[in-house]
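Scroll down for the structure; my scribbles are underneath it.
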Amino acid sequence: MDAAKFREDFPEFSDTTKYPDSAVNLWMSLAINVLPPDRWCDYLNIGIELFVAHNLTVAAGNQQTAAAGGAGGQVKGPVNSKSVDKVSVGYDSGAVSLEDGGFFNLTSYGIQLLQLARLIGTGGFQI
């Protein structure tokens with residue numbers, strides 16, 4: 001697994017200016033350390049990629065906020081309504097959020113990662 005393979009599988013992160021290899025490698029290194037290979041088995045690479053995509057997306061939002069003069073890193077949930085003049089739009093973010101998903105509910109990648117982690121984490125059991 002490397003940055004080139006990640007960008008091949010997730011072409012929305014192909015902009016190396018917005019998503020530099022150093023950032024991809026940072027999150028990839030962390031993912032490798034927190035996703036146990038013996039549990040993830042054949043799903044390890046997709047788990048790593050979803051972890052990287054989620055964290056790059058969160059970081060990009062922080063960078064965008066900072067570039068607009070705001071304080072990057074502020075905790076906020078998904079936008080579920082917005083109005084400008086007489087035009088408004090709303091999203092039912094609760095319909096796609098995972099219960100107790102917390103931080104992972106901030107991006108679709110995080111939701112996919114957590115859903116996969118929960119499936120993988122169930123494992124077998126004995127009565």
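A few remarks follow.
- Sequence of T57, T17 once ranked by neighbouring C-beta atoms within 10 Å, starting from the fewest: T17, T57
- Neighbour counts of other Cβ atoms within 10 Å put L106, L50 in the fewest-to-most order L106, L50.
Bear in mind these aren't lab numbers, they're just calculated from the coordinates by the rules spelled out. Remember, predicted model here, so these are calculated numbers, not experimental data. Because the Cβ atoms are built from the backbone with ideal geometry, glycine has one as well, and the counts that use them run over all protein chains shown.
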